[in-house]
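Enquirer: Please find one structure pasted underneath; my questions will follow.
The values are calculated or read from the model by the stated rules, or taken from the named source; none is laboratory data. Bear in mind that the values here come from a model prediction, so they are computed numbers and not experimental data. A quick note on method: Cβ atoms are made from the backbone with ideal geometry, for glycine too, and the neighbour counts reach across all protein chains shown.
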């Protein structure tokens, strides 16, 4: 078969399959902990955390969608739930009335503060503490290299920090 395809070597295939396993397993594990302990999905927690770190705890909906790789309809659906629970409030952008802002409420701030310790514990348990400090550094370098290929416009939040 000489169709020009550069097939994966055995070592490359093993590395790819291991990465694929992490891609499949890690989101579900993080989601399960947050649902159990905080009644939030991982995506909802991510949105609240991003708002909690933003100036004045407010971001444009379009920025949130881009930074989380979500469509505006998906983001709107999730923000509707977070609004219903009192964690986020939508408001018009005074600088551009066509845009909508998402603002973290005090209840939202309290939810992030209450949820963060359990989430960090789970991230440590599942990833950080399973690695040596050197491996954490290597993982960070490898992930940044892959993110730069997958997201050359650097839309995702705080990845070059």
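Enquirer: Which numbered condition in (1) in contact (Cβ under 8 Å) with a residue 40 or more places away in the chain; (2) outside any loop (DSSP other than H, G, I, E, B); (3) within 17 Å of the chain's Cα centre (by Cα) is the only one that residue 117 fails?
Expert: (1)
Enquirer: Further, regarding this structure: Which one is farthest from residue 28 (Cα to Cα) among residues in segment 122-134 that are surrounded by 13 or more Cβ atoms within 10 Å (Cβ to Cβ) and either free of Cβ contacts under 8 Å to residues at least 40 places away in the same chain or touching a helix residue (DSSP H, G or I) at 6+ places or on another chain (Cβ under 7 Å) (or both)?
Expert: Narrowing segment 122-134 to residues surrounded by 13 or more Cβ atoms within 10 Å (Cβ to Cβ): 122-123, 126-128.
Retained after the next criterion (residues that are either free of Cβ contacts under 8 Å to residues at least 40 places away in the same chain or touching a helix residue (DSSP H, G or I) at 6+ places or on another chain (Cβ under 7 Å) (or both)): 122, 126, 128.
Working: 122: 12, 126: 12, 128: 17 Å.
Ranking the qualifying residues of segment 122-134, first place goes to 128.
Enquirer: Follow-up. Would you say residue 18 is at pLDDT 95 or above, loosely packed, with under 13 Cβ neighbours inside 10 Å, within 28 Å of residue 128 (Cα to Cα) and over 17 Å from the mean Cα position of the chain (by Cα)?
Expert: Values: at pLDDT 95 or above: yes; loosely packed, with under 13 Cβ neighbours inside 10 Å: yes; within 28 Å of residue 128 (Cα to Cα): yes; over 17 Å from the mean Cα position of the chain (by Cα): yes.
Criteria met by residue 18.
Enquirer: Where in segment 38-108 are there helices (runs of 4 or more DSSP H), lying fully within it, with 3 or more residues that are surrounded by 15 or more Cβ atoms within 10 Å (Cβ to Cβ), under 17 Å from the mean Cα position of the chain (by Cα) and modelled with pLDDT of 95 or more? Give the derivation first.
Expert: Values: elements: 42-53, 61-67, 72-84.
Counting at least 3 such residues, we get 42-53, 72-84.
Enquirer: Within segment 135-161, how many residues are modelled with pLDDT under 95, touching a helix residue (DSSP H, G or I) at 6+ places or on another chain (Cβ under 8 Å) and part of a helix (DSSP H, G or I)?
Expert: Counting residues in segment 135-161 that are modelled with pLDDT under 95, touching a helix residue (DSSP H, G or I) at 6+ places or on another chain (Cβ under 8 Å) and part of a helix (DSSP H, G or I) gives 0.
Enquirer: Given the conditions (1) buried (at least 16 other Cβ atoms within 10 Å of the Cβ); (2) outside any helix (DSSP H, G or I), and given that residue 3 satisfies all but one, which numbered condition is not satisfied?
Expert: Only one criterion in (1) buried (at least 16 other Cβ atoms within 10 Å of the Cβ); (2) outside any helix (DSSP H, G or I) is unmet by residue 3, namely (1).
Enquirer: Looking at 57, 89, can you tell me which residue is at positive phi and touching a strand residue (DSSP E or B) at 6+ places or on another chain (Cβ under 8 Å)? I'd like the intermediate steps shown before the answer.
Expert: Numbers: 89 fails: at positive phi.
Result: 57 is the single residue among 57, 89 that is at positive phi and touching a strand residue (DSSP E or B) at 6+ places or on another chain (Cβ under 8 Å).
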